[in-house]
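Chemist: Below: one structure in structure tokens.
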Amino acid sequence: MLEKLLAEYAWMREQTVMELFQDREAKKKKVVGIYCTYCPKELILAAGAVPVGLCGTRDETISAAEEHLPRNLCPLIKSSYGFAITGKCPFFYFSDLIVGETTCDGKKKMFELMHSLKPVYVMQLPHLRDAEMGFELWVAEIRRLGARLEQEFGVEISDEGIWEAVEIIDRERRMVKAIYDLNRQDPPPLSGLDLINITWSKGFSSDRNEVFRLLAEVYETLKRGNYPCRKPGPRILLTGCPVGIGSEKVVRLVEEQGGHVVAMENCSGYKRLELQVDTSIGDPYEALAHKYYNIPCSCMSPNTYRLELLERMINDFRIDGIIELTWQACHTYNVETFAISRLVKQMGLPYLHLESDYSNSDLGNLQVRIGALLELIKV
Ligand code: SF4
Ligand code: SF4
């Protein structure tokens with residue numbers, strides 16, 4: 001039953017591609033491609049368009065990207081750009097507008113090149129979290145995005161429309177979080193690959209009611225205990241750079257060796273699930289700015305909420321060991337590994353930092369290092 005539901009869930013992506021293909025002449029559906037958790041999807045929905053996640057998670061387009069980009073760049077950026085220039089991503093192809101943000105330097109510069117392929121709109125994300133001026137700039141940037149969407153699609157975004165979209169996105173996140181939280185059980189009902197599927201696939205759906213229906217069914221099925229029985233094993237928390245379908249090799253290697261990735265703190269996991277819009281703030285643009293400004297990404301300074309969140313997750317999910325995954329050339333996450341390893345060691349737990357890319361060239365090495373961590377936990 002669970003397997004069938006999760007397959008149906010993963011199928012949403014294919015279904016949306018078919019719908020966009022059928023709609024290609026009429027162009028009734030407007031599509032906005034996004035690359036980051038900081039993009040306020042609520043505004044896109046309020047403008048009557050469909051937001052779709054475009055972050056590249058596969059190795060297959062990296063060699064094409066390297067014809068324009070340096071080899072020593074993060075694989076996520078190269079994969080994303082590679083999908084754009086090779087025409088291999090239907091969601092990029094159907095996007096009417098691309099929205100980017102000034103998060104890390106590589107992404108920011110990659111968006112400059114993307115301008116020649118599609119209309120690209122880049123939001124200026126301030127990086128100093130505690131500076132009042134930074135927050136004011138972010139509110140202004142969210143308003144500026146609203147104005148661009150209105151101009152692009154010839155619509156008017158009303159405050160009521162934004163609040164309705166806020167309710168949709170917050171409800172979706174509450175539902176996903178409720179499912180994630182069921183993995184506090186031992187053994188966990190969901191594998192790490194299931195968790196990725198649940199957060200990843202919904203980013204491609206144009207039908208929010210279908211997403212709600214499937215999430216509710218997955219939750220009820222798990223609550224009734226209808227899931228495969230798993231053997232107890234080391235409970236691992238994965239943190240660091242985002243992973244998705246195609247770049248999930250670390251999750252797979254943990255589970256093939258008897259461990260369970262019970263929780264993920266990264267952008268494909270918990271990082272954004274706790275954040276809800278404060279509806280008591282009268283101005284919806286300001287309310288959105290508050291929510292998104294609090295995302296604990298390493299491009300922010302200081303990024304103390306990531307440490308708080310990790311500590312809480314380690315306790316709530318009864319974690320036995322932490323794996324931190326940094327994609328090669330991701331400097332901000334790489335620098336943060338020092339603070340993360342210190343926190344984990346203070347909590348008396350084993351910590352493993354892995355630096356990798358999207359290729360399979362280091363599978364043997366990763367397998368040995370992950371195996372050693374799992375053995376350490378078992379003894
Ligand atoms: S890790 Fe940071 S830059 Fe990357 S998607 Fe998440 S929020 Fe955006
Ligand atoms: S993983 Fe790091 S370098 Fe790559 S896009 Fe995200 S923040 Fe930038």
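The values are calculated or read from the model by the stated rules, or taken from the named source; none is laboratory data. Worth saying up front: this structure is predicted, and the values here are computed from it rather than measured. With ideal geometry, Cβ positions are generated from the backbone for all residues, glycine too; neighbour counts draw on all protein chains shown.
Chemist: Identify, by number, the condition in (1) of a type in the set (D, E, K, R); (2) within 12 Å of ligand 2 (Cβ to nearest atom); (3) loosely packed, with under 14 Cβ neighbours inside 10 Å that residue 336 doesn't meet.
Modeler: Among (1) of a type in the set (D, E, K, R); (2) within 12 Å of ligand 2 (Cβ to nearest atom); (3) loosely packed, with under 14 Cβ neighbours inside 10 Å, the lone unmet condition for residue 336 is (3).
Chemist: Same structure again: Among residues belonging to region 239-253 that are under 23 Å from residue 338 (Cα atoms) and under 13 Å from the mean Cα position of the chain (by Cα), point out the one that is surrounded by the most Cβ atoms within 10 Å (Cβ to Cβ). Walk me through how you get there before you give the answer.
Modeler: Going residue by residue through region 239-253, those that are under 23 Å from residue 338 (Cα atoms) are 239-243, 250-251.
Cutting the leftovers down to under 13 Å from the mean Cα position of the chain (by Cα) gives us 239-243.
Working: 239: 28, 240: 26, 241: 23, 242: 25, 243: 26.
Looking at residues that are under 23 Å from residue 338 (Cα atoms) and under 13 Å from the mean Cα position of the chain (by Cα), I get 239.
Chemist: Of the residues 282, 371, only one is more than 18 Å from the chain's Cα centre (by Cα), away from ligand 1 (no atom under 16 Å from the Cβ), at pLDDT 95 or above and not hydrophobic (A, V, I, L, M, F, W, C); which? Let's see the steps before the verdict.
Modeler: Details: 282 fails: at pLDDT 95 or above.
None of the other options fit; the residue is 371.
Chemist: Okay, moving on. Given the criterion in contact with a Pro (Cβ under 7 Å, 6 or more places away or on another chain), within 27 Å of residue 329 (Cα to Cα) and aliphatic (A, V, I, L, M), identify the matching residue among 44, 62.
Modeler: Details: 44 fails: within 27 Å of residue 329 (Cα to Cα).
Answer to the selection: 62.
Chemist: Mind telling me which of the residues 366, 307, 352 ends up being within 16 Å of ligand 1 (Cβ to nearest atom) and either of a type in the set (Ser, Thr, Tyr) or in contact (Cβ under 8 Å) with a residue 24 or more places away in the chain (or both)? If you could, list the steps in order and put the result at the bottom.
Modeler: Numbers: 366 fails: within 16 Å of ligand 1 (Cβ to nearest atom); 352 fails: within 16 Å of ligand 1 (Cβ to nearest atom).
None of the other options fit; the residue is 307.
Chemist: Are there any helices (runs of 4 or more DSSP H) wholly within region 246-354 with 1 or more residues that are of a type in the set (Ser, Thr, Tyr), and if so which? Step through it out loud before you land on a result.
Modeler: Working: elements: 249-256, 284-293, 304-316, 331-346.
In region 246-354, the matching helices (runs of 4 or more DSSP H) lie at 284-293, 304-316, 331-346.
Chemist: Collect the residues in region 87-110 that are within 11 Å of ligand 2 (Cβ to nearest atom), assigned to a helix (DSSP H, G or I) and not basic (Lys, Arg), keeping them in residue-number order.
Modeler: 105, 106, 110
Chemist: Identify, please: which residue in region 87-112 is of a type in the set (D, E, K, R) and more than 12 Å from ligand 1 (Cβ to nearest atom) and is, among those, surrounded by the fewest Cβ atoms within 10 Å (Cβ to Cβ)?
Modeler: Step one: filter region 87-112 for residues of a type in the set (D, E, K, R), giving 88, 96, 101, 105, 107-109, 112.
From the residues that got through so far, the ones that are more than 12 Å from ligand 1 (Cβ to nearest atom) too are 88, 96, 109, 112.
On the way: 88: 15, 96: 16, 109: 14, 112: 11.
Across region 87-112, the extreme among qualifying residues is 112.
Chemist: Report every pair of residues separated by at least 6 positions or lying on different chains whose Cβ atoms are under 9 Å apart, first residue within region 132-159 and among the charged types (D, E, K, R), second assigned to a helix (DSSP H, G or I) and surrounded by fewer than 17 Cβ atoms within 10 Å (Cβ to Cβ).
Modeler: Once the first residue is among the charged types (D, E, K, R) and sits in region 132-159, its partners that are assigned to a helix (DSSP H, G or I) and surrounded by fewer than 17 Cβ atoms within 10 Å (Cβ to Cβ) give 156/150.
Chemist: Please go through (1) under 20 Å from the mean Cα position of the chain (by Cα); (2) aliphatic (A, V, I, L, M); (3) more than 25 Å from residue 247 (Cα to Cα) for residue 32 and return the number of the only condition it doesn't satisfy.
Modeler: (3)
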